[in-house]
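Single-structure report; data block below.
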Amino acid sequence: MNRPIHWFDSLDSTMTYATKLAEDGSPSGTVVGADEQRRGQGRYGRSWHSAKNEGLYISEILRLSLPSDAMPVLTLALGLATAEAIFKATDLACDLRWPNDLLAGSKKCAGILVQLQGDAVVAGIGINVNQTEFPEELKQIATSVRMATGREHSREVLLERLLESIDTHCGILMEQGKDAIIRMFSESSTYVWGRRVTVDQGERSLLGVTEGLDHSGFLTLR
Ligand code: BTN
């Protein structure tokens, strides 16, 4: 696919820049990336550690013909796409923790942030690629592909695989529907059935045992 890619040495956040491009009508598939983010955004208003040249930090504008109730499943599709890209580029098989954390062992190596902007979706993906250490407050919960595999990896190759995998998984969602993605996610994640989990909802968290995904892509807990 021939797509516009806007790449920066340093940005506050690729989300902010991509949101402005989406407002101005940039086409589906437009990518904003940065070697470093000064104010990388995570879910629930948290920050995303974005050290220079170590991770992959991108936001892609998506204009998909999907009903609005497909948004939770789009998030799952992006998680699957990211896991596939990491596997193809580095041989690392990640687990998926609903809704969109990628784990290597029990630590997080990638995250996804989906925001609506008018009729567009801005899909932000952060992958910890070549970090060899994290700030004290993240040490217990974060890892990188390099730390998990013992090898350095090319961010460029990972970006290529990621954009291909996003196209593939958005295509599956549009052509085969929500159930196809829900089935794939359920098969790829060890968290979907029979796991005692704490689901992070920002200010509160829910404790329970997982009992599968419902038809909207939400995790059910007992
Ligand atoms: C999360 O797991 O909390 C979501 C993290 C999303 C991080 C990415 S990095 C690229 C894009 N720009 C941002 O500021 N955030 C997302």
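The values are calculated or read from the model by the stated rules, or taken from the named source; none is laboratory data. Keep in mind the model is a prediction, meaning the values are calculated, not measured. Virtual Cβ from ideal backbone geometry, glycine too; neighbours counted across all protein chains shown.
General observations
- Count - residues of segment 163-222 that are surrounded by fewer than 16 Cβ atoms within 10 Å (Cβ to Cβ), touching a Pro at 6+ places or on another chain (Cβ under 8 Å) and of a type outside the set (Ser, Thr, Tyr): 1
- Checking each residue in segment 108-130 for being of a type outside the set (A, V, I, L, M) and closer than 15 Å to GLY42 by Cβ picks out LYS108, CYS109, GLY111, GLN115, GLY124, GLY126, ASN128.
- Taking the numbered list (1) touching a residue at least 24 places away in the same chain (Cβ under 8 Å); (2) assigned to a helix (DSSP H, G or I); (3) out of contact with any strand residue (DSSP E or B) (no Cβ under 9 Å at 6 or more places or on another chain) in turn, ILE182 passes all entries but (3).
- Cβ pairs under 7 Å, 6+ apart, first in segment 6-18 and under 17 Å from ARG43 (Cα atoms) and touching a residue at least 24 places away in the same chain (Cβ under 8 Å), second among the polar types (S, T, N, Q) and within 8 Å of the ligand (Cβ to nearest atom): ASP12/GLN37; SER13/GLN37; SER13/GLN41; THR14/GLN37; THR14/SER59; MET15/GLN41; MET15/SER59; ALA18/SER59
- Identity of the residue in segment 60-74, of a type in the set (A, V, I, L, M) and part of a helix (DSSP H, G or I), that ends up farthest from the ligand (Cβ to nearest atom): ALA70
- Candidate set from segment 8-50 (those that are modelled with pLDDT of 95 or more, in a helix (DSSP H, G or I) and not hydrophobic (A, V, I, L, M, F, W, C)); member that is nearest to the chain's Cα centre (by Cα): THR14
- Any hit, segment 139-159, residues being within 20 Å of ARG43 (Cα to Cα), within 12 Å of the ligand (Cβ to nearest atom) and at pLDDT 95 or above: yes
- Residues located in segment 135-162, provided they are in a loop (DSSP other than H, G, I, E, B) and either surrounded by 12 or more Cβ atoms within 10 Å (Cβ to Cβ) or of a type in the set (D, E, K, R) (or both): LYS139, ILE141, THR143, SER144, ARG151, GLU152, HIS153, SER154
- Here ALA110, ALA123, ALA93 are screened, and the one residue that is touching a helix residue (DSSP H, G or I) at 6+ places or on another chain (Cβ under 9 Å), of a type in the set (A, V, I, L, M) and either part of a helix (DSSP H, G or I) or surrounded by fewer than 20 Cβ atoms within 10 Å (Cβ to Cβ) (or both) is ALA93.
- Top-ranked residue of segment 19-59 - restricted to ones that are surrounded by 22 or more Cβ atoms within 10 Å (Cβ to Cβ) and farther than 12 Å from ILE125 by Cα, ranked as farthest from the ligand (Cβ to nearest atom): ALA22
- Scanning segment 90-125 for residues being within 9 Å of the ligand (Cβ to nearest atom) and of a type in the set (S, T, N, Q) gives a total of 1.
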